[in-house]
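First comes the structure, then the notes that go with it.
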Amino acid sequence: MSYSYFLGCVIPGRLPFLEASARRIFEKIGFKVGDQAKCSCCPDPTGAAQLDHETFLALGARNLCLFEESNNNILSLCSGCTESLKTVKHILDNDDEKKKEINLKLKVIGKTYKGDIDIKHFAEVLYENIEKIKEKVKKPLKDLKVAGHPGCHYLRPSEIINWDDPLNPKTLDELIEATGADPVEYNLKNDCCGNPVEKSDKDISLSILESKLKSMKEAGADCITCVCPACYQQFDFNQREINKIFNTDYNFPVFYITELIALALGIDTEKLGLNSHRIKVNDILQKIA
Amino acid sequence: MQMVDFEFRNELIKEDFSLNYCYQCGTCSSSCPVAFVTKGEFNPRKIIEQSLLGLKDQKPNVWLCCTCQMCVEECPQKVFLTEIFEKIKNKIVLLGEPYPKTFKMQAKSIIENGLAIPLTQPIIRRRDQLGLPKVESANIKELKKLLDATDFEKKIKIHEVSK
């Protein structure tokens, strides 16, 4: 079965340059991905999904129905969306009673959830095509030390995500290696970036981020890479504020893994919209030139 | 004075039976990044203890869970803490107790736009410049029908002013 993008909210609405890098590299490795119209918020597993479980299931199931109708698997560009959609599928596929209840709700909009499509995080698909990526590398990102941040919803809950090791993940580092860069080991690699708790308490969110940045700095990283737009925003948008509050001097450029791969594949930087990054990436581009 | 409400505990157990398995070892709190930076002020073990005891008035900081699921992975008893916290949040919302307004703002945006972050004109132009396709969002009327079927607006008290 072919794949279509589930874009979510944050990437198309705030960080479209991340979407551009993803589309360019999937084209480049010859992996065809279509577009699915009429999707809603997944819904956000750290936000609206926390308010009412029934609505979480209904909204998620409606999105899944759209892909069932067009007969496509989901390729999600966001870890949060991936977790939400995989969770809804897991619950409805394993609980007939719940599935009946939700289908009764979906009936008002003329839809029925069946459960016959698959959901994948984009990095999962990249990892499955890692040999193809390596073959196509034109400009290896030599001597670039990258702190990979796998993030939470990419991995956990493992029972539902059913993918990389939830406490000792390897796939992101292997993707970093595929670009020719060096993944750095750092103490808090597996920790949350702090973004989700910003909705309730910004100080806590920034404190978590600061611990993480400190750990990356101690490990000698040149830049950060991640696979989720919430993590991306946390790292790229908040380092300046961290420096003011904690009297620090963090200045890590932040890349989506699709951007690092795009650079290694020799895709024109103009087409990637890298000038949209808040922490400027020029020094890194010079380093790898 | 603490109110003990076994009904609260029983409802939670009915929704997530794994609550029963907790033997209070504290592994969850030692793996929690929020517990770490708040020096234990946020304490997932304690929230589970209070839930087991049915101390329903003691659920002040469940919204500080960052949903990272580290506790769930590390729990030797396979207690689904993040999911239990989600059920507690659902109950707080349903009871009409205050909850952080950012959550309501996001829900409002989904009701009105179908998306947590609506597409603005500058972003639509930027998408064009980057050669990205037009995003065709969900039909709001259709979504509204579905959200009415789950009684979403009423459950989350969408029209009440939150602090």
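Taking the Cα-to-Cβ direction at B:Phe6 and at B:Glu41 and moving 7 Å from each Cα, how far apart do the two end points lie in nm? Placing both labels 7 Å beyond Cα along the Cβ direction yields 3.6 nm. Using only the alpha-carbon atoms of the range A:137-288 as identical scatterers, what base-10 log of I(q)/I(0) does the Debye formula give at q = 0.14, 0.19 Å⁻¹? After summing over all Cα pairs, the log10 values are -0.66, -1.21. For chain A, a crude dipole built from +1 on the beta carbon of Lys and Arg and -1 on the beta carbon of Asp and Glu, taken about the Cα centre, is about 740 debye to the nearest 20.
Taking 0.36 nm per residue of separation and subtracting the current Cα-Cα distance, fully stretching the chain between A:Lys271 and A:Val137 would add 46.5 nm. Mind checking the angle between helix B:81-94 and chain B's longest principal axis? C-alpha axes, 0 to 90 degrees, to the nearest 10. So the helix axis and the longest Cα principal axis differ by about 70 degrees. In the range A:3-122, taking the dipole from charged Cβ atoms about the Cα centre, the farthest positive-side position among A:Phe122, A:Val108, A:Leu51 is held by A:Phe122.
Is there a simple number for the mean count of other chain Cβ atoms within 10 Å of the Cβ of residues in B:110-123, and what is it?
Mean shielding count: 5.
Counted over the protein assembly as shown, the DSSP beta bridges are approximately 5% antiparallel.
Viscosity 0.692 mPa s, temperature 37 °C: what is the translational diffusion coefficient of the range B:61-163 from Stokes-Einstein with a Kirkwood Rh over Cα pairs, rounded to a whole number of µm²/s?
200
In a fully extended conformation the segment linking A:Asn251 and A:Ser158 would gain 30.2 nm over its present Cα-Cα distance, using 0.36 nm per residue. Ordering B:Thr38, A:Thr87 by the number of other Cβ atoms within 10 Å of each residue's own Cβ, fewest first, gives B:Thr38, A:Thr87. Stretched out straight at 0.36 nm per residue, the stretch from A:Glu185 to A:Val108 would grow longer than its current Cα-Cα span by 22.6 nm. Estimated from the Cβ-Cβ distance and a Förster radius of 56 angstrom, the FRET efficiency linking A:Asp96 and A:Gln286 is about 0.45. When the Cα atoms of the protein assembly as shown are aligned to their principal axes, the ranges along those axes come out at 66, 50, 38 Å in descending order. Taking A:Ser84, A:Ser207, A:Ser76 as the candidate residues, the one with maximal mean-square fluctuation in a Gaussian network model of chain A, Cα springs under 10 Å, is A:Ser207. Each residue in A:Arg62, B:Arg9 was given a count of other beta-carbon atoms within 10 angstrom of its own, and listing them fewest first yields B:Arg9, A:Arg62.
Taking the longest Cα principal axis of chain A as reference, the axis of helix A:229-246 is set at about 50 degrees. Sorting A:Tyr3, B:Tyr23, B:Tyr99, A:Tyr154 from the fewest to the most surrounding beta carbons within 10 angstrom yields B:Tyr23, B:Tyr99, A:Tyr3, A:Tyr154. Think of each Lys and Arg Cβ as +1 and each Asp and Glu Cβ as -1; about the Cα centre, that makes the dipole of the range A:137-288 roughly 340 debye. Counting only the Cα atoms, the range B:6-94 fills a convex hull of 81 Å³ per residue.
Inter-chain Cβ neighbour count for A:192-199, averaged per residue, equals 5 (cutoff 10 Å, partner chain atoms only).
Report note on the peptides A:271-278, B:131-138: ranked by the mean count of other C-beta atoms within 10 Å, highest first, their order is A:271-278, B:131-138.
Determine the shielding of peptide B:93-100 by partner chains: average, over its residues, the number of Cβ atoms on other chains within 10 angstrom of each Cβ.
The shielding value for this peptide is 2.
Counting only Cβ charges, +1 for Lys and Arg and -1 for Asp and Glu, the dipole size of the range B:101-155 around its Cα centre is about 200 debye.
Helix B:140-149 sits at what angle to the longest principal axis of chain B, using alpha carbons and giving 0 to 90 degrees rounded to 10? Between helix and principal axis, roughly 30 degrees.
Rounded to the nearest Hz, the phi-derived 3J(HN,Hα) couplings of the range B:95-111 under the Karplus curve 6.51 cos²θ - 1.76 cosθ + 1.60 (θ = phi - 60°) are 6, x, 7, x, 9, x, 5, 4, 5, 5, 4, 5, 4, 4, 5, 5, 4, where x marks glycine and proline.
Per residue, the protein assembly as shown reaches -14500 deg cm²/dmol at 222 nm when only DSSP H runs of four or more residues are counted, each adding -39500 (n - 2.57). Sorted from greatest to least, the principal axis extents spanned by the alpha carbons of the range A:1-107 come out as 44, 29, 21 Å.
A short reminder: the numbers here are calculations on the coordinates, not readings from a lab. All values derive from a computational prediction rather than experimental measurement. Positions of Cβ are generated from backbone atoms using ideal geometry, with glycine treated the same way; all protein chains shown enter the neighbour counts.
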